[in-house]
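Peer 1: Structure below; questions to follow.
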Amino acid sequence: MSTNINILGIESSCDDTSASIIQNGFLLSNVVASQSVHESYGGVVPELASRAHQQNIIPVVHEALKRAGIQKEELTAVAFTRGPGLLGSLMVGTSFAKGFAQALNIPIIDVNHLQAHVMAHFIKEKDVENVQPEFPFLCLLVSGGNSQIIKVEAYNKMTVIGQTIDDAVGEAFDKCAKVMGLPYPGGPVVDKLAKLGNPKAFTFNKPHIEGYDYSFSGLKTSFLYTLRDEIKKDPDFVEKHKEDLCASLQATVIDILMTKLKRVANDLNIKQVAVAGGVSANSGLRQAFYDYAEKYGWKVFIPKFSYTTDNAAMVAITGYYKYQDKDFCELSAPPFARISANISGD
Ligand code: KG4
């Protein structure tokens, strides 16, 4: 019998169906099927997402095993995203994981999607230098559904220090992009156009929230009102100022994120700071991390692009560490749609 620990990870919380194999902590494969069906709707349509997951899940798992060069009988355990996310989407991955594991008579491991985003920093690749954060560190988790500052004390000990009280940062990018008539998802498009614009061209409202929490709904409204007022004067305003609008929006978002993150880092006296989630692909945010590293002596950790958006490698690596603790879950464990306070437990 193989002495390798082979974990199959399954991710299906939103609109990406993904499967990955991690062997003894090292990545063997990471297959992601993204769903283009949502583009014409300007956002993810939950029912369409569930249906696409159903179509994708078996081919994606098959491909992940093939690329890893292992047989399904060699798997040690199946880790799956249990939540938070879209319930219908989660049910596809969860049901598949349970059925597959039961057929192979191996344990299942439930994974919190947010914990998995943080754990992306611990995915090791063969034949490269794997630089990983040391505990404790802070992780700024920014995606389409979440904006959080997390204190990470161990693989299985993560505490949310602050989070958005309304919109997530990715949502703010996507909604502002939508009012400019840009395609979905808007975040990457804003990023691209921002490179050509002046970040000081426009000023938008910044939130005044006590403590470590974020808020992005005021910025979104301020952006909308600016456009509304300017379009009254010139109907071609957006077209003429797209780049400057994107650059100013992005600069404001980054300033909001980094100012609070710095406050937490100072207060907790932690100088190792990581970023995770889909919005961590943003080039301006990445640059801000490098600038803060230089200015404030932070050691920063920025994941590879392929590990920033939803992927199963982060689920498999979380499963790998939970496997060490024999932290398995019952077959009866249902998926959960909402966020839980303790993201390293359920
Ligand atoms: O983590 P993710 O793939 O999905 C979840 O929300 O779970 O994040 C997707 C979000 C979207 O809102 C997308 O617009 C945003 O990440 N995003 C970006 C960039 N790339 C993706 N936002 C700003 N700049 C980017 N380069």
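The values are calculated or read from the model by the stated rules, or taken from the named source; none is laboratory data. A quick note: this is a predicted structure, and the numbers were derived from the prediction, not measured. When we count neighbours, we look across all protein chains shown, and the Cβ atoms used for this are built from the backbone with ideal geometry, even at glycine. The protein model used for the area step is the full one, side chains on, heavy atoms only, and it has no ligands, DNA or RNA in it. Shrake-Rupley method; radii C 1.70, N 1.55, O 1.52, S 1.80 Å.
Peer 1: So how far, in whole Å, is the C-alpha centre of segment 58-86 from the one of segment 268-338?
Peer 2: Answer, in whole Å: 20.
Peer 1: Kindly sort HIS62, HIS241, HIS121 by accessible area of their heavy atoms, largest first, with the probe set to 1.4 Å. Provide the component values of the computation, followed by the final result.
Peer 2: Details: HIS62 115, HIS241 60, HIS121 20 Å².
Ranked list, largest accessible area first: HIS62, HIS241, HIS121.
Peer 1: Could I ask something else about it? Can you give the helix-only mean residue ellipticity at 222 nm for the chain, where every DSSP H stretch with n ≥ 4 adds -39500 (n - 2.57) and the sum goes over all residues, rounded to the nearest 500 deg cm²/dmol?
Peer 2: On the way: 9 runs with 143 residues, N = 346.
Only helices count here, giving -13500 deg cm²/dmol.
Peer 1: Please go through segment 70-142 and write out the GluC sites (Glu not before Pro) that DSSP classes as loop and that have at most 14 other C-beta atoms within 10 Å. The partial results should precede the final answer.
Peer 2: Details: sites: GLU73, GLU74, GLU125, GLU129, GLU134; in loops: GLU125, GLU129, GLU134.
Sparse-neighbourhood loop GluC sites (Glu not before Pro): GLU125, GLU129, GLU134.
Peer 1: Are there trypsin sites (Lys or Arg not before Pro) in segment 267-320 that DSSP puts in a loop and that have at most 13 other Cβ atoms within 10 Å, and which ones? All intermediate terms of the calculation are to be shown ahead of the outcome.
Peer 2: Numbers: sites: LYS271, ARG286, LYS295, LYS299, LYS304; in loops: LYS271, LYS304.
Passing both the DSSP loop test and the Cβ count: LYS304.
Peer 1: Heavy atoms only, 1.4 Å probe, whole protein assembly: order ILE106, ILE317 by accessible area, highest first. Don't jump to the answer; show the numbers that get you there.
Peer 2: Details: ILE106 30, ILE317 0 Å².
Sorted by accessible area, descending: ILE106, ILE317.
Peer 1: Still on this structure, please answer the following. Calculate the length of the line joining the C-alpha centroid of segment 87-128 to that of segment 134-148, in whole Å.
Peer 2: Each part's Cα centre sits 19 Å from the other's.
Peer 1: On the accessible surface of the chain, probed at 1.4 Å, how many percent belong to carbon and sulfur atoms?
Peer 2: Numbers: 7880 of 15480 Å².
Heavy-atom surface of the chain belonging to carbon and sulfur, 1.4 Å probe: 51 percent.
Peer 1: While we're looking at this one, here's another question. Where the convex hull is taken over the Cα atoms of segment 280-340, what is its projected area averaged over directions, in nm²? All intermediate terms of the calculation are to be shown ahead of the outcome.
Peer 2: Values: hull surface 26.2 nm².
Average of the hull's projected areas for segment 280-340 equals 6.5 nm².
Peer 1: Rounded to the nearest 5, what % of the DSSP beta bridges within the chain are antiparallel ones?
Peer 2: Values: 26 of 44 bridges.
The antiparallel fraction comes to roughly 60 percent.
Peer 1: What are the semi-axes of the equivalent ellipsoid for the chain, taken as the square roots of 5 times the Cα gyration tensor eigenvalues, largest first, in whole Å? If you can, show how the numbers build up before the last one.
Peer 2: Values: eigenvalues 254, 106, 57 Å².
That gives 36, 23, 17 Å for the three semi-axes.
Peer 1: Solvent-accessible area per residue for segment 66-174 at a 1.4 Å probe radius, Å²?
Peer 2: On the way: 4100 Å² over 109 residues.
For segment 66-174, the per-residue accessible area is 38 Å².
Peer 1: Let me ask something additional. So if we plug the beta-carbon distance of LEU268 and ALA293 into 1/(1 + (r/R0)^6) with R0 = 22 Å, what FRET efficiency do we get, rounded to 0.05? Walk me through the intermediate numbers first.
Peer 2: Working: r = 17 Å, r/R0 = 0.78.
Efficiency for this residue pair is about 0.80.
Peer 1: Using only Cα atoms, what Kirkwood radius does segment 137-303 have, in angstroms? It would help to have the intermediate numbers written out before the result.
Peer 2: Numbers: mean 1/r = 0.0617 Å⁻¹.
Computed over segment 137-303, the radius equals 16.2 Å.
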